[in-house]
Amino acid sequence: MSPSPRHRMPLRASYEEGAAQRWLNGRDDVLAVFEFGRSPLALTDPRHVPVALLQLDTPPRVEVWRCDGPIKCGTWDRLRFAQGAQLTMGHVALDLRTADGMREASRQAYDLLQSWLQQSPHPWPLKIWNYIPAINQGAGDEERYRQFCLGRADAVLIDPGDLPPLPAATAIGSPSNENALQVYFLASALPGLDVENPRQVSAWRYPRQYGPRSPLFSRGTILTLDGPRQFLISGTASVVGHETHHEHQVADQLRESLRNVRRLLDEGHRLMGDARAHLGRDGLLKVYIRNPDDFEPIRQSIEAEIPAGIPRIYLQGDICRENLLTEIDGIVACERVTAASP
Ligand code: 3EB
């Protein structure tokens, strides 16, 4: 029996076995199908999002996003999108072989995204995923990730002194032989509620040592539409304050990342009052791992620390600081709880 609309998640995200095509054919509620281990330049349908990161666990799965329709697909310049009743998925893949460096590619991707959002009935980005080939290549401020942050800051029309809502984000390295900078997003008819992590310095306030322009993202956003609220968790690593903790200790980095996730969800509870996010069956997690050799210890730590019910997938991806070995993100559901007494 399918849940009544009142209890149905606005975004139904799941990992599914079987070919991407099976989810794209003849279904009227599919907003996106993410297929891992394929170049973003190989897409076949606006809802089909090939992602270059390799899946480390088995069986191979695709990530499927479903929502209330009707779903309308289209192409706008180099941006592809699928738009449901209240949610839109969009994606851009820019070929770095013909781009004028990472900063310029990033600026173009965010320019495109922004001008598309400005004319969309769903103008609020809730979360943006960025997959950057060879993310740690280049020394000092020339590093690709720092150049990516520069391009993003060049394009994004915000003054961090006067903060508008910032979307949640993930920025992860894709294989160095991948040719595309990929940016995909979830946007909504209504703005999300931003959540920062009290254990961490907000990313837009990172000090100069991490690069000439700070990363622009919130630690999480809460999506509020009809039905239960949903929490979009940004890429969360072993960063406390603004510093990397547990250098070279992958299991400790993973535990610190989970502490950060739990603290972020607690903070969301404080802001919502009557609801809290939980790591349950109606959510999903992604675990990004720099070195494939770390897969087994990380898998064991995750099994020990995270409720068995929440679906998870392990992807090989470099993290945006050379000394970070793992990162976690996810989409999880909120449930009503009795408001904490004042
Ligand atoms: C960190 O906490 C880890 O640049 O969009 C996480 C999520 C990170 C998003 C981004 C970077 C980004 O700083 C890195």
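The values are calculated or read from the model by the stated rules, or taken from the named source; none is laboratory data. Only a predicted model underlies this, so the values are computations on that prediction, with no experimental measurement involved. In this analysis, Cβ positions are derived from the backbone assuming ideal geometry, glycine residues included, and neighbour counts consider all displayed protein chains.
Summary of computed values
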{"read-out": "Matching residues in the range 74-94 - criterion: being outside any loop (DSSP other than H, G, I, E, B) and either more than 21 Å from the chain's Cα centre (by Cα) or β-branched (Val, Ile, Thr) (or both)", "value": "Gly74, Thr75, Trp76, Thr88, Val92"}
{"read-out": "Enumeration of residues in the range 207-248 that are among the small types (Gly, Ala, Ser), closer than 19 Å to Leu126 by Cα and in contact with an Asp or Glu (Cβ under 8 Å, 6 or more places away or on another chain)", "value": "Ser218, Gly220, Ser234, Gly235"}
{"read-out": "Segments classed as strands (runs of 3 or more DSSP E), wholly inside the range 139-231, with at least 3 members that are out of contact with any Pro (no Cβ under 6 Å at 6 or more places or on another chain)", "value": "168-174, 180-188, 220-223"}
{"read-out": "The range 123-137, subset part of a loop (DSSP other than H, G, I, E, B) and not small (Gly, Ala, Ser), residue nearest to the ligand (Cβ to nearest atom)", "value": "Ile135"}
{"read-out": "Tally of residues being farther than 26 Å from Cys67 by Cα and touching a residue at least 12 places away in the same chain (Cβ under 8 Å) across the range 250-269", "value": "13"}
{"read-out": "Qualifying position, being away from the ligand (no atom under 11 Å from the Cβ) and surrounded by 23 or more Cβ atoms within 10 Å (Cβ to Cβ), among Leu225, Leu265, Leu254", "value": "Leu254"}
{"read-out": "Identity of the residue in the range 154-188, at pLDDT 95 or above and either more than 26 Å from Ile289 (Cα to Cα) or hydroxyl-bearing (Ser, Thr, Tyr) (or both), that ends up nearest to the ligand (Cβ to nearest atom)", "value": "Thr170"}
{"read-out": "Extreme residue, farthest from the ligand (Cβ to nearest atom), among residues of the range 307-320 that are under 10 Å from Ile172 (Cα atoms) and in a loop (DSSP other than H, G, I, E, B)", "value": "Gly317"}
